[in-house]
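The values are calculated or read from the model by the stated rules, or taken from the named source; none is laboratory data. Worth saying up front: this structure is predicted, and the values here are computed from it rather than measured. Neighbour counts run over all protein chains shown; Cβ positions are idealised from the backbone, glycine included. Surface areas here come from the heavy atoms of the whole protein model, side chains and all, with no ligands, DNA or RNA. Shrake-Rupley method; radii C 1.70, N 1.55, O 1.52, S 1.80 Å.
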2 protein chains.
Amino acid sequence: MVLKKAIFVRIGEVVKKAGVGPDTIRFYERQGLIQSLPSKDKTNTYRNYPEETLQRIAMIKQAQHAGFSIAEFSALIETIENPSADFFDADIFLQKKIDEIEERMRHARKFLKTLRATKNALSLTRS
Amino acid sequence: MVLKKAIFVRIGEVVKKAGVGPDTIRFYERQGLIQSLPSKDKTNTYRNYPEETLQRIAMIKQAQHAGFSIAEFSALIETIENPSADFFDADIFLQKKIDEIEERMRHARKFLKTLRATKNALSLTRS
DNA sequence: CAGAACCATTGACAATGGTCCATTGTTAAC
DNA sequence: GTTAACAATGGACCATTGTCAATGGTTCTG
C-alpha cells in the first residue's frame, strides 16, 4: 500500500476547493460531520483540515441532494465507519431512504390525481 | 347541478375530523391555505369553516408528503383556482416537482455507490 | 513595521412549519 | 348562575441548516 503523506490545510483552502463558506465548514465541524486538528505550532488557534475533508464535504452535498438531513447522514457515517458494523447495516439504512423517496414519488403522482379532480370540480362549479 | 347547502363548523370540529391541531389550522389560515368567515352572529369572534376545509387540509397533507412546501402548494393552488389559467400550467408545475423527486432518487442511488466505495476504502485501510 | 488578509469565538438572525402559553372572551351543561 | 370547555390573540419557542457581524488575535505582503 502506498504511504500517503497527510496534508493539512487551513480553512481558507478548504473554502476555495470545496465551494462552501468558512461558516458552513465550522458548522459542519460543530455538528461532527468533519474533523480538524488544532494547529501544530501552537502560536495560533487555526484549524488544520486533512485532505479527505474535501471528499467528505462533497459527500455531504451528495447526501443532501439525496434528501438526507445532517442527522441522518451522521447516523449513516457512524454505521459505516464503525469497524464492527458490516456493510449490510448501511445498505439497509440507505435502502430505507430510497424507499422513502420512492414513496414520496407515489405521493406526488397521487397528488396529481387529486389536483385534476379538484380542477374538474372547480370548472363544473363555474359553468 | 345539485345545490349544496354550505355548512360551517367551528375550529374544534375541524380539529376532530381533520386530525390536526387548532394552532395548525389557524397557522394554515394565516398562510392563506384555507379560509374562514367570521361568525354569523357577531356576538363572538369564532371562525366558521366551510365543509371543504376538510378536503383542503387533506390536500395539504398530501402535498407535503409529496415534498411540496407551503409556498409551493400556495402557488399551485393559485394557478389551479385561477379561472384564466388552463390546466396545463398546474400540470407543468407538478411535472417539475415529480422530476425533482426523480432526480433526488437518482442522487440517492449515486450516493449509495459513493458510500460503497468509501466503505471499501476504509476496510482496505484497516487490513 | 504597517496594513491587508486571514482565522477564531460568540451570539444574533433567517426561513420553514409548526407548537405552546397566558390572557381574555364565549358557550354549554348542570 | 357558576363552572367547564371552547375559542381568539399575541408572542415566545422548537429544530434545521446555515449566514452574518462584532471583536480580537495571527500571518502575509510590500
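Selection within the range B:4-16: residues that are assigned to a helix (DSSP H, G or I) and touching a strand residue (DSSP E or B) at 6+ places or on another chain (Cβ under 8 Å). The member of this set that is farthest from B:S69 (Cα to Cα) is B:E13. Among the numbered conditions (1) more than 30 Å from B:E103 (Cα to Cα); (2) touching a residue at least 40 places away in the same chain (Cβ under 8 Å); (3) more than 12 Å from DNA strand C (Cβ to nearest atom), tell me where A:V9 comes up short. Exception for A:V9: condition (3). Taking the listed residues A:A108, A:A58, A:A71, A:A90, the one that is open to solvent by less than 90 Å² (accessible area, probe 1.4 Å), within 11 Å of another protein chain (Cβ to nearest Cβ) and under 10 Å from the mean Cα position of the chain (by Cα) is A:A58, with no other qualifying.
Inspect all residues belonging to the range B:118-127 and state whether any of them is away from DNA strand C (no atom under 13 Å from the Cβ), open to solvent by 70 Å² or more (accessible area, probe 1.4 Å) and hydroxyl-bearing (S, T, Y). Within the range B:118-127 (the criterion being away from DNA strand C (no atom under 13 Å from the Cβ), open to solvent by 70 Å² or more (accessible area, probe 1.4 Å) and hydroxyl-bearing (S, T, Y)), the answer is yes, since at least one residue qualifies. Restricting attention to the range A:40-56, does a residue exist that is in a helix (DSSP H, G or I), assigned by TED's automatic domain parsing to the domain that holds A:R10 and either hydrophobic (A, V, I, L, M, F, W, C) or touching a Cys at 6+ places or on another chain (Cβ under 9 Å) (or both)? Among the residues of the range A:40-56, at least one is in a helix (DSSP H, G or I), assigned by TED's automatic domain parsing to the domain that holds A:R10 and either hydrophobic (A, V, I, L, M, F, W, C) or touching a Cys at 6+ places or on another chain (Cβ under 9 Å) (or both), which makes the answer yes. Among the residues that make up the range B:108-117, is at least one of them in a helix (DSSP H, G or I) and within 16 Å of DNA strand C (Cβ to nearest atom)? So far as the range B:108-117 goes, no, none of its residues is in a helix (DSSP H, G or I) and within 16 Å of DNA strand C (Cβ to nearest atom). Return yes when A:K113 is outside the structural domain of A:R26 (by TED's automatic domain parsing) and surrounded by fewer than 18 Cβ atoms within 10 Å (Cβ to Cβ) and no when it is not. Here the answer is yes, as A:K113 does meet what is asked.
Residues in the range B:18-30 that are modelled with pLDDT of 95 or more, of a type outside the set (A, V, I, L, M, F, W, C) and surrounded by 12 or more Cβ atoms within 10 Å (Cβ to Cβ): B:P22, B:T24, B:R26, B:Y28, B:E29. With the structure loaded, tell me whether B:T43 is surrounded by fewer than 17 Cβ atoms within 10 Å (Cβ to Cβ), more than 9 Å from DNA strand D (Cβ to nearest atom) and among the hydroxyl-bearing types (S, T, Y) or whether it fails that test. Against the criterion (surrounded by fewer than 17 Cβ atoms within 10 Å (Cβ to Cβ), more than 9 Å from DNA strand D (Cβ to nearest atom) and among the hydroxyl-bearing types (S, T, Y)), B:T43 qualifies.
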